[in-house]
Amino acid sequence: MTEPLEYTPPDVWTWKPGNGGRFASINRPIAGATQEKELPVGRHPLQLYSLATPNGVKVTVMLEELLALGHAGAEYDAWLIRISDGDQFGSGFVGVNPNSKIPALLDRSGAQPVRVFESGAILVYLAEKFGAFLPKGGAARAECLSWLFWQMGSAPYLGGGFGHFYAYAPSKIEYAIDRFAMEVKRQLDVLDRRLAESEYLAGPEYTVADIAVWPWYGALVKGLLYGESGRFLQVQDYKNVLRWDETIAARVAVQRGQKVNRISGPPSDQLHERHDAGDFDTKTQDKVAAGH
Ligand SMILES: N[C@@H](CCC(=O)N[C@@H](CS)C(=O)NCC(=O)O)C(=O)O
């Protein structure tokens, strides 16, 4: 192993400009709004404020799945929050999510608006509101919630741990990369073993557990995250995860949901804002550029 970087922590940590590395412009050690900025509101009861990162995609996939099932009440406006520009620190956004992270949902269908933040809470809220993708009770519900919460606890080791130190940190620290590569491979093995015995994570049915886990671990096992990480982690070995990934990726609602609030990749896959089901046909960036 290479020598660890020399650093002796001082008695009291201080915030130095730039010590957030690549994310220095948006990371800071205090919460709350930095500017007054109201959020836009569209015509549908559900207002989503998001970006198509893995955490954002969970919610747009869920909404498109609900619409595909025929739940017209799941029609939504999806507004773009550009986190690298600091949109998450506007006063309106902080009012919907005091944690200043996408995704955030406002349900305006009742007498009083209901705010929901944290992607897992949003999935459960929508599943309960529409009675879909979450088993009603007993062991099936417990299994589904267990995998859903597994994702919430595990993905920070993948994104904030492995992804950060492998791809984003200003220097490659062997100890940190080893530590998190080991954990991420362990997580992939957890999923692979579960998916060897079960078609979907919670059992024979596709549920919010799959909707939450897929954007992170489906992308990882396809080698789509963090540069060359697919080869580094030898993701092709996780055959059951690959089988599950392909089944989910083939769903029409998943393909639609992935495009919403996306600002990178092929222009035909980028629907910056979604206010109507027809926007997929007329408002992706390729169509916008062609002057539709
Ligand atoms: N546990 C949260 C994580 C949300 C999250 O980390 N969102 C990121 C994008 S994937 C974000 O908004 N980052 C902006 C920031 O940290 O300022 C959830 O599942 O909703």
Among the residues in segment 3-16, are any surrounded by 12 or more Cβ atoms within 10 Å (Cβ to Cβ) and not in a helix (DSSP H, G or I)? no
Are there any pairs, at least 6 apart or on different chains, whose C-beta atoms fall under 6 Å, with the first in segment 94-112 and farther than 13 Å from residue 55 by Cα and the second more than 15 Å from the ligand (Cβ to nearest atom) and of a type in the set (S, T, N, Q), and if so, which? 106/47
Looking at 121, 139, which is the one that is exposed (fewer than 15 other Cβ atoms within 10 Å of the Cβ) and under 21 Å from residue 73 (Cα atoms)? 121
When segment 231-279 is checked residue by residue, the ones that are part of a loop (DSSP other than H, G, I, E, B), more than 18 Å from the chain's Cα centre (by Cα) and not aliphatic (A, V, I, L, M) are 234, 238, 266, 275, 276, 278
Of those in segment 143-178 that are modelled with pLDDT of 95 or more and polar (S, T, N, Q), the residue surrounded by the fewest Cβ atoms within 10 Å (Cβ to Cβ) is 146
May I ask you to say which residue of 38, 75, 65 is over 22 Å from residue 257 (Cβ atoms) and more than 16 Å from the ligand (Cβ to nearest atom)? 38
For residue 235, work out the one condition from (1) closer than 17 Å to residue 162 by Cβ; (2) of a type in the set (Val, Ile, Thr); (3) surrounded by fewer than 16 Cβ atoms within 10 Å (Cβ to Cβ) it doesn't fulfil. (3)
Just for segment 179-209: of the residues that are in a helix (DSSP H, G or I) and touching a residue at least 60 places away in the same chain (Cβ under 8 Å), which one is surrounded by the most Cβ atoms within 10 Å (Cβ to Cβ)? 208
Just to be sure I understand, how many residues within segment 68-82 are crowded, with 19+ Cβ neighbours inside 10 Å and not in a strand (DSSP E or B)? 2
Filtering segment 87-111 down to residues that are of a type in the set (D, E, K, R) and more than 8 Å from the ligand (Cβ to nearest atom), which residue is surrounded by the most Cβ atoms within 10 Å (Cβ to Cβ)? 87
Tell me whether segment 106-114 contains one or more residues that are part of a helix (DSSP H, G or I) and either touching a strand residue (DSSP E or B) at 6+ places or on another chain (Cβ under 9 Å) or of a type in the set (S, T, N, Q) (or both). no
Residues 128, 75: which one is of a type outside the set (Val, Ile, Thr), without any contact (Cβ under 8 Å) to a residue 40 or more places away in the chain and farther than 30 Å from residue 15 by Cα? 128
Can you confirm whether residue 56 is closer than 24 Å to residue 216 by Cα and at pLDDT below 95? no
Residue set 33, 52; condition part of a loop (DSSP other than H, G, I, E, B), more than 28 Å from residue 284 (Cβ to Cβ), within 16 Å of the ligand (Cβ to nearest atom) and touching a residue at least 60 places away in the same chain (Cβ under 8 Å); output residue 33
Among (1) assigned to a helix (DSSP H, G or I); (2) more than 17 Å from residue 214 (Cβ to Cβ); (3) touching a helix residue (DSSP H, G or I) at 6+ places or on another chain (Cβ under 6 Å); (4) touching a residue at least 24 places away in the same chain (Cβ under 8 Å) - the single one residue 161 does not satisfy: (4)
Among the residues of segment 55-64, is any charged (D, E, K, R) and closer than 24 Å to residue 251 by Cα? yes
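The values are calculated or read from the model by the stated rules, or taken from the named source; none is laboratory data. Small disclaimer: the values here were computed from a predicted structure and weren't measured. Here Cβ is always computed from backbone atoms with ideal geometry, including for glycine, and neighbour counts include all displayed protein chains.
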